[in-house]
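First up is the structure itself, then whatever we jot down about it.
Coordinate-derived values only; no laboratory data. This one's a predicted model, so the numbers in the text were calculated from it and none came from an experiment. Neighbour counts are summed over all protein chains in view; Cβ atoms, including those assigned to glycine, are modelled from backbone coordinates with ideal geometry.
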Amino acid sequence: MPGSHGSLTKAGKVKQQTPKIERTGVNSRKKKTPRMRFRFLYIQRIEKGKYGGQKESLGAKRASYKR
C-alpha cells in the first residue's frame, strides 16, 4: 500500500488561496443555532401565546380555541 495521497505540506492550500468575502444582504447576520431558535419559538408560542402569520392562520385559530 502506498503511503498517502499527497503530501501533508500541501494540506489547506486551496482554502488559504481563496479570498475572504464579507457577508452582505440576507446573509449579513449569522443564524441562531437550532437550539436557541426553537427555544425562542417555544417562548413565543407556548408561554406568550403569540403565533406568527395572519389571524386566520391555523396556529392562531388553535390558540383561540384554547382560551
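With Cα atoms as the point set, the radius of gyration and Dmax of the chain evaluate to 24.0, 71 Å.
Sparsely packed loop sites in the chain (the GluC sites (Glu not before Pro) outside DSSP H, G, I, E and B with at most 13 other Cβ atoms within 10 Å) comprise Glu22, Glu56. Under a Gaussian network description of the chain, with springs only between Cα atoms under 10 Å, the residue in Lys20, Lys30, Lys50 that fluctuates furthest is Lys20.
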